[in-house]
Amino acid sequence: MVYGVLLFLMAVGLSVTMGLMGFVNLAHGAFAMLGGYIAATLMAKAGWPFLGTLPLVFLVVGLVGVLFERTLYRRLYGAGELDQVLFTIGLVFMAVAAATLVWGPLQQAVRLPPFLLERIKFGIDLPAYRLFLLVVGGVLTVVVVLGLERTRFGAQVRAAVDNPRMATGLGINVEVVFAVTFAIGSGLAGLGGALSVQILGLDPTFALKHLVYFLLVVSVGGLGSIPSTLGAAVLLGLCDVAGKYYVPQVGAFILYTVMVGILIWRPQGFKPAKRAR
Amino acid sequence: MRVTMLSNRLKRWTLRFGAAAVALAGTAGLAMAQEPIKIGLLLPYSGPFADLAVQMDGGVQVYMKQFGDTIGGRKVEILKRDTTGIAPDTAKRLAQELIVRDKVDLLAGVVFTPNALAIAPLTVEAKKPFVIMNAATSIVTTKSPYIVRVSFTLPQVVSPLGTWAAKNGFKKVYSLVSDYGPGHDSEIFFKKSFTAAGGEIVGEVRVPPKNPEFTPYIQRIKDAKPDAVFVFLPAGEQTVSFYKGVTERGLVKDGIKILASGDLTEDGQIEATGDIALGTITSGHYSYAHKSPENEAFVKAFEAAFPKGPRPNFFAVGAYDGMGAIYGAIKAQNGQTDPDKMVEFMKNYKVMSPRGPLEIDPETRDAVNTIYIRKVEKHGGKLLNIEFDSVAKVKDPGK
Amino acid sequence: MSDVILATEGLSLSFGALAVTQDVNYGLPKGARYALIGPNGAGKTTLINLLTGVFAPAAGRILLSGEDITKLAPHERVKRGIARTFQINTLFGQLTPLQAVTLAICERRGHGARWLASLRTHKDAVEEAYALLELLNLASSAERTTVELAYGRQRLLEIALALAMKPKVLLLDEPAAGVPVGESGELFDVISNLPGDIAILFIEHDMNLVFKFAKRITVMVSGRIIVEGSPREIAADPQVREVYLGRGHHHG
Amino acid sequence: MFAFAKPALATPADRLIAAARWRWYETAFWLGTLLVLFAFPGYLQLASQIAIVGLFALSLDLLMGYAGIISLGHAAFFGFGAYVAGIIAKYGWGEPLSGMVIAGLSAGLLGLIVSPIITRLHGIALLMVTMGLCVLLFEAANRAVWLTGGDDGLQGVEIWPIFGTFTFDLLGRTAYLYALIVLFLMFLVARRIVHSPFGLSLQAMRDNPRRAPAIGTDMGERVRIVYTISAAMAGVAGALIAQTTQFVALEVLSFQRSAEIMIILILGGTGRLFGGLIGAAVFMIARDQLATSYPQYWYLGIGALLVAVVMFARGGVMGGFDRLVRWWRARAGAGR
């Protein structure tokens, strides 16, 4: 369950950029990694409290996202999937190399405030940090769903993706809408990265090695639907954890078997099927 | 611009021609004195394991800084080749090119067993000594009479730990290892020595090699209520993730001790795991905190070469001792590089290494190490593996 | 109606609560030049999609020369002689017209899966394709990639592809859509000069073209056929007048 | 094969029929690969690995470049072929040619079995399922230590001399010629396929999957065929790597392999047959030259290169080359 929420936290940003905007953004992990490094550096060098770094991480990574969106990404909105894959993989490679140059190849230490390391008794005892993640995950879901699916802005994003020309005709500034959406997506990536380093660790290959998990969640969830993404993340998390606890012999098989099975059964993921036209 | 290019090319041409002429005309001895000794060093310089190459390359550099870059009047030239990771086809090709094109005198390095195994047959065919500086699976040295290993094997490291644990009050131990070759080896050999000394393995679990989440396993271990858990995980992110799970599940607070091979608290990255590692008991052949003049000199030289870190670890020492064996073998024949004589020398090599006494078993050409039992303690703000017990002259029990 | 080649019986389809095709009974005889008209959203394209097998009907049957083809896959219906064009150009962008038509001819002959036979062994198919392009005035564009062609030429290529199937039935979904007014007449000339034994059904919005080229007209509204008849009968029909003239009232 | 005087080709039909003819630059390319033997005798190992990776890329090109089926798990077939070839040799049958054929057929069979799943999927789901299947195969091989040697790799692979005479020498001459000849034969097959009606139908499917059935194309059948052929070709490439290395490691099935071959192909240019070969050469030579001296910068460089290719040279090296040729011709035409 908690592992699922963690997966969700990392994948929700991708669900925004890839799902809503339809851009195959494999560089998502790079933004998440940047978030992790910013948090780790602020805590280690500037002595910031962990919680204090989170809003800043969201802002900075969001800004960096806009920068990339304005200069590079936007030229590829009309391009094919292959070009997008190649381009973002290129970004990932560069990010990995850059992180190695700046922060070195080793694991970064992230020290949590003591109150998050406590364990809280709720029938079964839960580590406080996991509870914290649960809360953050819940809040994020509500905020993102309300913000992107129920508001005017959300409608504008959808209109801009479906038919940019018509959206422009309706007085929507498509460029701004895309830039803001991308900023939110990458900001969320950064936030997810910062929150996950405590459990996953942080080194320059972070961007590459967790990519598979983000994609797993987003593809099983179905593109562009935040609640489905959450559902998929929790389901995959549960399968993984239950599998490891009860049948550790089969280990890595479980996650992938579940994914392959679900996608063969429902290629569009959990998202409610669109009406055929 | 063009003129300098031309003259450069001329220079290169005359150099090459000149070298060939010398080789043809001069006596072998004369040519030898002028030709450098070429050592092909195969390490994963790029890719996800680049940090290991940093350690090992550092070990080589430090040795050459301490003991000079000439042997018997001949310059030592290191030809670095990037294996990119576990890639036997690339490793074999690079070795082949080093032998055929670059005409190296010997091969060295190699982090991963599959790479070593792919290269092994070449060394027989080409008669090139092959000094293994890491690749820690038992079988490696059996694959070619030209292979000499100066590092260690996992069975060698974990077997003494099993015996030690059984004799020091641990009755029930749960085993958790990474699900690949070295993990399987550790599981088997720890169990063997531990049960032989009267202990009982109450549960075993193998975790996927790229597993990011340990809590379910740790919960499972907790529920089995053992005295201790035995762990083998490859040094790096897995060890950090493991300790994060331990913190969250409160394994240490519940009084379950952690026993492990030295990889878990490997010196280069131990700081990233944090204080939760305190009290972990490991067995290993090298500790950064080993007290000896040799190690002090080694650490000092290494830290001078890499002021920003990392701390040298057993990878660096493996490479350092490999260079020691190579230097010794060539010195013993006054700068000559007869392959069989080199292997013959290395077979009987004995040295006081930064890790402690190291010798090569002439039967198996494998390292014989003193294995130390260590405990993670904090001294001067640093997490260190402090040695408190040892077993001398441990041979690889895997053969 | 013994010479009816394509017929439907009680054909129905719904998307959710929306009935897009309701109890359609229709017959297309050999050599027909029929038109299908109706306001937007009347279900005209859906009917073609049902006939060609893109959608499976919820109820009813489709008969080709008396044989029930309701359950057949699209490509199997093509093999039996039903070809179509699309309302919006849906061509093969990176192929040249010659390559595309050659492929269509090979498919017709059942040679499309021969993966070790180069085109040299399918010389006659290439030549037939070229002849067809010449027939449709496309010879000069035969070697350019489809994406580079002007819109009107792409519409012609649509028809060429359909003709390459040597169809018994040809279903044209707004063949002149997007073509400049001056060129659309020319397009329909090409259509009406097609071999006389092909049964043609076309959807068209330009009433001038419809009344000029169709021998018989069918009007659909909300998934139903409301009336069928000769151009003169349709022009005089009060229901049709209401649908077309009174459209503003209905859609308000 | 040297058609210096071009026969006059009257109509576009004649030209299309003749499109499958050999061009002078193709002949030149393949003669050039032979020159490597004499020009760079010290680099034959690298050259033979480029040939093998090129073949692997070619197999992916049929799938991705021509049929438009994206696969992020093509290493499954490469690795399967490698293990089949390796295991046959380990258990006493070291004859390379038959070993390669068996490996290719086995991989093809695996492709045939998987293909019905592939026909149902596209886009991101296809990407993830192909990757997932490859991971599952990797895990299976990791577990089956008794058969594959697990993480230590498959040892004891002994390959007999080709035709009983040509041993795999240290210089790598035999290995290079062997890999080159197999690559050439497979290239001929791929070329045939591309210029066949079947090849046209693949491209039609790639360009417009909705339209293809309307001209009578049975897409399911075409996907099954091309997937099987591509898998078999990848299997042959895998067999070659196993036989020339005389060793098989788990890494042949890894995700990195799949991702890398995709990058190599896109770098070279998809849908062009030569793209994979050029991509393999550029990528591997660059890595060989740069990775050791500048490991960090090498990754930065390859990343920047990928970004630059997408930004400025869509269609990879071959795409850029095409544009250059077109520009040159346009200029020459204007000058006349």
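The rows are residues; the columns are (1) basic (Lys, Arg); (2) away from every other protein chain (no Cβ under 14 Å); (3) part of a helix (DSSP H, G or I); (4) under 15 Å from the mean Cα position of the chain (by Cα).
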residue: B:276; (1), (2), (3), (4): no, no, yes, no
residue: B:282; (1), (2), (3), (4): no, yes, no, no
residue: B:291; (1), (2), (3), (4): yes, yes, no, no
residue: B:296; (1), (2), (3), (4): no, yes, yes, no
residue: B:301; (1), (2), (3), (4): no, yes, yes, no
residue: B:309; (1), (2), (3), (4): no, no, no, no
residue: B:316; (1), (2), (3), (4): no, no, yes, yes
residue: B:320; (1), (2), (3), (4): no, yes, yes, yes
residue: B:325; (1), (2), (3), (4): no, yes, yes, yes
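Scanning the stretch B:80-98 for residues that are more than 7 Å from chain D (Cβ to nearest Cβ) and either open to solvent by 10 Å² or more (accessible area, probe 1.4 Å) or within 18 Å of the chain's Cα centre (by Cα) (or both) returns B:83, B:85, B:90, B:91. Reported count of residues in the stretch D:180-194, each being hydrophobic (A, V, I, L, M, F, W, C) and within 17 Å of residue D:60 (Cβ to Cβ), is 8.
For residues in the stretch D:254-278 being within 11 Å of another protein chain (Cβ to nearest Cβ) and among the hydroxyl-bearing types (Ser, Thr, Tyr), which is nearest to residue D:203 (Cα to Cα)? For the stretch D:254-278, the residue satisfying everything is D:270. The number of residues in the stretch D:51-92 that are away from every other protein chain (no Cβ under 13 Å), hydroxyl-bearing (Ser, Thr, Tyr) and not in a helix (DSSP H, G or I) comes to 1. List the pairs whose first member sits in the stretch C:180-197 and is small (Gly, Ala, Ser), whose second member is assigned to a helix (DSSP H, G or I), and whose Cβ atoms are under 7 Å apart, counting only residues at least 6 apart or on separate chains? Sorted first by the residue in the stretch C:180-197, then by its partner, the pairs are C:184/C:209; C:192/C:213. Does the stretch D:166-180 contain at least one residue that is farther than 22 Å from residue B:121 by Cβ, assigned to a helix (DSSP H, G or I) and open to solvent by 10 Å² or more (accessible area, probe 1.4 Å)? Looking for residues that are farther than 22 Å from residue B:121 by Cβ, assigned to a helix (DSSP H, G or I) and open to solvent by 10 Å² or more (accessible area, probe 1.4 Å), one finds at least one in the stretch D:166-180, hence yes. Please indicate, with yes or no, whether at least one residue in the stretch D:70-81 is open to solvent by 10 Å² or more (accessible area, probe 1.4 Å), closer than 18 Å to residue D:250 by Cα and touching a strand residue (DSSP E or B) at 6+ places or on another chain (Cβ under 8 Å). For the stretch D:70-81, residues open to solvent by 10 Å² or more (accessible area, probe 1.4 Å), closer than 18 Å to residue D:250 by Cα and touching a strand residue (DSSP E or B) at 6+ places or on another chain (Cβ under 8 Å): absent.
This table checks each residue for (1) touching a strand residue (DSSP E or B) at 6+ places or on another chain (Cβ under 8 Å); (2) charged (D, E, K, R).
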| site | (1), (2) |
| --- | --- |
| B:49 | no, no |
| B:54 | no, no |
| B:66 | no, no |
| B:69 | yes, yes |
| B:98 | yes, no |
| B:136 | no, no |
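Scanning the stretch B:193-227 for residues that are in contact with a helix residue (DSSP H, G or I) (Cβ under 7 Å, 6 or more places away or on another chain), more than 13 Å from chain A (Cβ to nearest Cβ) and not in a loop (DSSP other than H, G, I, E, B) yields B:193, B:194, B:201, B:202.
Please indicate, with yes or no, whether at least one residue in the stretch C:92-107 is under 24 Å from residue D:271 (Cβ atoms), more than 8 Å from chain D (Cβ to nearest Cβ), of a type in the set (D, E, K, R) and over 16 Å from the mean Cα position of the chain (by Cα). No: zero hits.
Output yes when any residue across the stretch C:207-221 is open to solvent by 70 Å² or more (accessible area, probe 1.4 Å), of a type in the set (D, E, K, R), closer than 27 Å to residue C:11 by Cα and not in a strand (DSSP E or B), and no when none is. The answer is yes, given that some residue of the stretch C:207-221 is open to solvent by 70 Å² or more (accessible area, probe 1.4 Å), of a type in the set (D, E, K, R), closer than 27 Å to residue C:11 by Cα and not in a strand (DSSP E or B). Looking at D:112, D:62, just one residue is open to solvent by 30 Å² or more (accessible area, probe 1.4 Å), in contact with a Ser or Thr (Cβ under 6 Å, 6 or more places away or on another chain) and modelled with pLDDT of 95 or more, and that residue is D:112. Look at (1) modelled with pLDDT of 95 or more; (2) buried (at least 23 other Cβ atoms within 10 Å of the Cβ); (3) among the β-branched types (Val, Ile, Thr) and you find that residue B:299 fails only one, number (2). When residues in the stretch D:203-217 are screened for being outside any helix (DSSP H, G or I), within 17 Å of residue D:66 (Cβ to Cβ) and at the interface with chain C (Cβ under 7 Å from one of its Cβ atoms), 3 of them pass.
Table: residues versus (1) outside the structural domain of residue B:130 (by TED's automatic domain parsing); (2) free of Cβ contacts under 8 Å to residues at least 24 places away in the same chain; (3) open to solvent by 30 Å² or more (accessible area, probe 1.4 Å).
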{"site": "B:303", "(1), (2), (3)": "no, yes, yes"}
{"site": "B:313", "(1), (2), (3)": "no, no, no"}
{"site": "B:331", "(1), (2), (3)": "no, no, yes"}
{"site": "B:336", "(1), (2), (3)": "no, no, yes"}
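Restrict the check to the stretch D:290-304 and report whether at least one residue is within 29 Å of residue D:45 (Cβ to Cβ), assigned to a helix (DSSP H, G or I), within 26 Å of the chain's Cα centre (by Cα) and of a type in the set (Ser, Thr, Tyr). So far as the stretch D:290-304 goes, yes, one or more of its residues are within 29 Å of residue D:45 (Cβ to Cβ), assigned to a helix (DSSP H, G or I), within 26 Å of the chain's Cα centre (by Cα) and of a type in the set (Ser, Thr, Tyr). Looking only at residues of the stretch C:133-153 that are of a type outside the set (Val, Ile, Thr) and closer than 12 Å to residue C:100 by Cα, we find that the one that is most open to solvent (accessible area, probe 1.4 Å) is C:144. Of A:12, A:16, A:5, all but one fail to be buried (at least 21 other Cβ atoms within 10 Å of the Cβ) and within 13 Å of another protein chain (Cβ to nearest Cβ); the exception is A:5. Contact map, the stretch D:15-39: residues that are touching a residue at least 24 places away in the same chain (Cβ under 8 Å) paired with residues that are outside any helix (DSSP H, G or I) and open to solvent by 20 Å² or more (accessible area, probe 1.4 Å), Cβ distance under 9 Å, separation 6+ or inter-chain. Pairs shown: D:19/D:195; D:20/D:195; D:27/D:1; D:27/D:2. Annotation note: of A:44, A:97, A:30, A:79, the sole residue that is within 8 Å of another protein chain (Cβ to nearest Cβ), out of contact with any Gly (no Cβ under 6 Å at 6 or more places or on another chain) and either open to solvent by 10 Å² or more (accessible area, probe 1.4 Å) or of a type in the set (Ser, Thr, Tyr) (or both) is A:79.
The values are calculated or read from the model by the stated rules, or taken from the named source; none is laboratory data. It should be emphasised that the depicted structure is a prediction, and the values quoted were computed from it without experimental measurement. Glycine gets a Cβ as well: all are built from the backbone with ideal geometry, and neighbour counts include every protein chain shown. Ligands, DNA and RNA are stripped out before the accessible areas are found, and what is left, the full protein with its side chains, is counted by its heavy atoms. Shrake-Rupley method; radii C 1.70, N 1.55, O 1.52, S 1.80 Å.
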